[in-house]
Amino acid sequence: MSFYTTIIPHAYMGRLAALYTNYTAAANVVTETANATATSTAATAATSTTAATAATSTTAATAATSTSAATVTAASTAFAATALPIAVSVLAVLTAGMTYEMIKDVKNSRTCHELTIATVFPDKDRLIEAMFRYSNNQCEATELQDGTIRIRYGGQDYFFTMSKTTGYYDLTVSNAGTQTQVKRCIDAIQHEYISAVKDEIGRRVIESAERHQWKVESDETIDDERIISIVL
Amino acid sequence: MKRLMTNASFQSFYKMMRIHSYVNITSAEGPGKRFCVWMQGCRQHCVGCYNSETWPLRGGSTITLKKLLAIYEKAPENEGVTLLGGEPFLQPKPLEQFCQLVHKKGKSVVVFTGYTLEQLLQMGNPAVDAFLHQIDLLIDGPYIQALQDFSRPWVGSSNQRYHFLTERYCQADIAAYVNKLEIRLQSDGKVRVNGIADEATIESIIKVMENKVRI
C-alpha cells in the first residue's frame with residue numbers, strides 16, 4: 001500500500017484564484033466604462049467574489065471531511081486523517097478550472113485604458129524580479145516617494161501600490177495596453193508567486209523533517225518540479 | 001514493404017486504459033528509480049486504504065498504451081516501472097502489452113495487487129496469466145489495517161508478500177531499501193505526496209504545507 005495525494009494549500013490557491021478573478025472582473029467593467037471609477041468599483045466587487053469563493057471552498061472542505069469521518073467511524077483513522085487533503089485537492093482543482101474558464105471569456109483584442117488588479121505580493125524584491133523576467137530585463141523600475149513601485153516597460157507604466165488593508169501590492173496599469181499584455185504580466189507575477197510558494201513550502205518541509213529527525217535523502221529539481229525525498 | 005504492425009497489435013496500441021495518476025521518476029515505489037502508475041479502479045476496498053480515490057471503476061482518466069509509453073520514455077534513466085492502484089489486475093490486457101514493451105527495453109516491472117498470487121492463478125484468465133508472465137516482482141495481498149506494518153519496504157501490512165517471478169530481483173535486493181515519502185512541488189502550484197508513512201506522519205507533513213502561505 002502506498003500513499004498518494006495531491007494537495008494545493010487553500011490559502012495559496014485562493015490567492016491565485018483571486019488574481020484571475022480580480023483581473024477578469026476588473027477588465028470587464030473597464031471595457032464598459034473605461035474610467036478609473038469603474039475600475040475601482042470592479043476591484044471591490046472582485047474582492048467580494050473572491051472572499052465568497054474562499055468561504056465556499058472552506059465550507060465544502062469541512063463538509064467533506066465530516067462526511068468521510070462519519071463514513072469510516074469503524075476505527076479507520078487513516079482514512080479520516082487523509083480525507084481533508086484529498087477533499088481540499090479536489091476543490092482546489094475545480095477552483096483552478098473555473099478561473100481558467102473565466103480567462104477564456106476575455107477577448108484578447110480589448111484594450112484596457114486603466115485597470116487595477118489586486119496582486120498577491122507583499123514582497124517588493126520578488127515583485128520587481130517578476131517584472132524584470134516578464135520584460136526580459138528591458139524594464140525600468142523606480143520606487144516613488146510614496147512607496148509605489150513604478151515599472152516602465154513597452155510604453156506602459158505598471159504601478160504597484162501597497163494596499164494598506166491587505167498588505168499586498170495592487171497593480172494599476174496605465175496607458176493603453178491590450179489585455180494580452182496585461183495577462184502576460186499577470187502570468188509573470190503568478191510564476192514568480194508560485195516559485196516563492198514552492199520555496200516557502202520546501203523550507204517548511206525540510207524544517208519539519210529536521211525537527212522530527214527525519215533524513216532528507218534528496219532535494220532535487222527535475223523539469224521544474226522540486227522533489228524532496230524524506231526517509232522517516 | 002516492411003509491415004510494422006499487425007492489425008491486432010495496432011488496435012491494442014491505441015487501446016485505452018484507465019489510470020489515476022503517474023509520476024515520471026520516483027525512488028519510493030520499488031527498487032531504484034521508477035516510472036510509477038496508479039491504476040484507476042479497485043474492488044477490494046480495504047479498510048484504511050490511503051488511496052480510496054482510486055476505487056471508482058469509472059474515475060481517473062483514460063490513456064492509450066501509446067501515450068503511456070511515450071510518457072514513460074521521457075525518463076530513460078529509470079530502472080523500470082511500478083504499477084499499483086487501484087488494482088492493476090482489473091486491466092490485465094493493456095498492462096501486459098505495456099510491460100512487454102518495458103521489458104523489451106531491458107527495464108523491470110514491479111506490480112502491487114490486492115489479490116493473492118494463488119487467487120490470480122485460480123482465475124483461469126489467460127490475460128491475467130499473460131500479465132503475470134511480464135512481472136519481475138509481484139507484491140500481493142490486500143492491505144489489512146489490523147496487520148499494519150511499515151518495517152518492510154513499500155508494503156503496508158504484514159500479510160503482503162514479495163514474489164520474485166523472475167531472476168531480476170531477490171530478497172537480498174529488497175533488504176537494501178527503506179520506506180520514504182516524496183514531496184513534489186510542481187510548477188503549476190500543486191504539491192503531490194507519494195510513498196509510505198504512518199497516518200500521523202503524513203498528517204503532520206500535510207499540516208505543515210497547508211498552513212497559510214504568506215510570501
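I'm trying to understand the selection: among the residues of the range B:140-158, which are within 11 Å of chain A (Cβ to nearest Cβ) and polar (S, T, N, Q)?
B:GLN145, B:GLN148, B:SER157 - these are the residues of the range B:140-158 that are within 11 Å of chain A (Cβ to nearest Cβ) and polar (S, T, N, Q).
Does B:ALA172 satisfy the criteria of being part of a helix (DSSP H, G or I) and either over 15 Å from the mean Cα position of the chain (by Cα) or over 30 Å from A:ILE228 (Cβ atoms) (or both)?
Working: part of a helix (DSSP H, G or I): yes; either over 15 Å from the mean Cα position of the chain (by Cα) or over 30 Å from A:ILE228 (Cβ atoms) (or both): yes.
For B:ALA172, the condition - part of a helix (DSSP H, G or I) and either over 15 Å from the mean Cα position of the chain (by Cα) or over 30 Å from A:ILE228 (Cβ atoms) (or both) - is met.
State which residue pairs qualify: first residue more than 11 Å from chain A (Cβ to nearest Cβ) and inside the range B:46-61, second residue assigned to a strand (DSSP E or B) and of a type in the set (A, V, I, L, M, F, W, C) in any location, beta carbons under 7 Å apart, and separation of 6 or more residues or different chains.
B:GLY60/B:ILE19; B:SER61/B:ILE19
Can you pull out the residues in the range B:82-127 that are within 14 Å of another protein chain (Cβ to nearest Cβ) and closer than 19 Å to B:LEU65 by Cβ?
Result: B:THR82, B:LEU83, B:LEU84, B:GLY85, B:GLY86, B:GLU87, B:PRO88, B:VAL110, B:VAL111.
What number of residues within the range A:197-227 satisfy the criterion of being surrounded by fewer than 20 Cβ atoms within 10 Å (Cβ to Cβ) and at the interface with chain B (Cβ under 7 Å from one of its Cβ atoms)? Full working, then the answer.
Of the range A:197-227, the ones surrounded by fewer than 20 Cβ atoms within 10 Å (Cβ to Cβ) are A:199-200, A:202-204, A:206-208, A:210-225.
Among the residues that remain, those that are also at the interface with chain B (Cβ under 7 Å from one of its Cβ atoms) are: A:200, A:202, A:204, A:208, A:217, A:222, A:224-225.
Total meeting the criteria: 8.
Can you say whether B:LEU137 is open to solvent by 40 Å² or more (accessible area, probe 1.4 Å) and either under 17 Å from the mean Cα position of the chain (by Cα) or facing another protein chain (nearest Cβ under 7 Å) (or both), as far as the supplied structure shows? Quick ask: steps written out before the conclusion?
Working: open to solvent by 40 Å² or more (accessible area, probe 1.4 Å): no; either under 17 Å from the mean Cα position of the chain (by Cα) or facing another protein chain (nearest Cβ under 7 Å) (or both): yes.
Judged against the criteria, B:LEU137 is not a match.
Does the range B:35-63 hold any residues that are on the phi > 0 side of the Ramachandran plot and surrounded by 19 or more Cβ atoms within 10 Å (Cβ to Cβ), and which are they? Steps first, please.
Start the filter on the range B:35-63 by keeping residues that are on the phi > 0 side of the Ramachandran plot, which leaves B:41, B:45, B:48, B:60.
B:GLY41, B:GLY48, B:GLY60 - these are the residues of the range B:35-63 that are on the phi > 0 side of the Ramachandran plot and surrounded by 19 or more Cβ atoms within 10 Å (Cβ to Cβ).
Quick one: would you say B:ALA127 is in contact with a Lys or Arg (Cβ under 8 Å, 6 or more places away or on another chain) and either of a type in the set (Val, Ile, Thr) or outside any loop (DSSP other than H, G, I, E, B) (or both)? It would help to see each step written out before you state the result.
Working: in contact with a Lys or Arg (Cβ under 8 Å, 6 or more places away or on another chain): yes; either of a type in the set (Val, Ile, Thr) or outside any loop (DSSP other than H, G, I, E, B) (or both): yes.
Here the answer is yes, as B:ALA127 does meet what is asked.
Per-residue answers, yes or no, for (1) within 7 Å of chain A (Cβ to nearest Cβ); (2) of a type outside the set (Val, Ile, Thr):
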site	(1), (2)
B:ILE174	no, no
B:ASN179	yes, yes
B:ILE183	yes, no
B:GLN186	yes, yes
B:VAL191	yes, no
B:ASP198	no, yes
B:THR201	yes, no
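For the range A:137-159, check the following and say yes or no: at least one residue is within 21 Å of the chain's Cα centre (by Cα), surrounded by 17 or more Cβ atoms within 10 Å (Cβ to Cβ), at pLDDT 85 or above and not aliphatic (A, V, I, L, M).
No, the range A:137-159 has no match at all.
Strands (runs of 3 or more DSSP E) wholly in the range B:1-81 with at least 2 residues that are among the hydrophobic types (A, V, I, L, M, F, W, C) and at pLDDT 90 or above - which ones?
Values: elements: B:16-26, B:34-39, B:61-64.
Where strands (runs of 3 or more DSSP E) fall fully within the range B:1-81 and carry at least 2 residues being among the hydrophobic types (A, V, I, L, M, F, W, C) and at pLDDT 90 or above, they are B:16-26, B:34-39.
Take B:GLY80 and tell me if it is in contact (Cβ under 8 Å) with a residue 60 or more places away in the chain and either closer than 20 Å to B:ARG18 by Cα or touching a Ser or Thr at 6+ places or on another chain (Cβ under 6 Å) (or both). Can you show your working first?
On the way: in contact (Cβ under 8 Å) with a residue 60 or more places away in the chain: no; either closer than 20 Å to B:ARG18 by Cα or touching a Ser or Thr at 6+ places or on another chain (Cβ under 6 Å) (or both): yes.
Judged against the criteria, B:GLY80 is not a match.
Just the residues that are farther than 13 Å from B:ILE205 by Cα and among the aliphatic types (A, V, I, L, M), please, taken from the range B:173-184.
Taking the range B:173-184 as the starting set, the residues that turn out to be farther than 13 Å from B:ILE205 by Cα are B:173-179.
Selection gives B:ILE174, B:ALA175, B:ALA176, B:VAL178.
Return yes when B:ILE135 is closer than 24 Å to A:ILE201 by Cα, touching a strand residue (DSSP E or B) at 6+ places or on another chain (Cβ under 9 Å) and not in a helix (DSSP H, G or I) and no when it is not. Walk me through it before giving the result.
Numbers: closer than 24 Å to A:ILE201 by Cα: no; touching a strand residue (DSSP E or B) at 6+ places or on another chain (Cβ under 9 Å): yes; not in a helix (DSSP H, G or I): yes.
No: the conditions fail for B:ILE135.
Quickly run through the range B:188-203 and pick out the residues that are open to solvent by less than 30 Å² (accessible area, probe 1.4 Å) and either more than 14 Å from A:LYS198 (Cβ to Cβ) or at pLDDT below 75 (or both).
Residues satisfying the conditions are B:GLY189, B:VAL193, B:ASN194, B:GLY195, B:ILE196, B:ALA197, B:THR201, B:ILE202.
Taking the residues in the range B:140-176 that are in contact with a helix residue (DSSP H, G or I) (Cβ under 8 Å, 6 or more places away or on another chain), modelled with pLDDT of 95 or more and among the charged types (D, E, K, R) as candidates, determine which candidate is least open to solvent (accessible area, probe 1.4 Å).
Per the criteria, the residue is B:ASP140.
The values are calculated or read from the model by the stated rules, or taken from the named source; none is laboratory data. Just so we're clear, the structure is a prediction, and the values are computed from it rather than from any experiment. Please note: Cβ atoms are built from the backbone with ideal geometry, for glycine as well, and neighbour counts cover all protein chains shown. Surface areas here come from the heavy atoms of the whole protein model, side chains and all, with no ligands, DNA or RNA. Shrake-Rupley method; radii C 1.70, N 1.55, O 1.52, S 1.80 Å.
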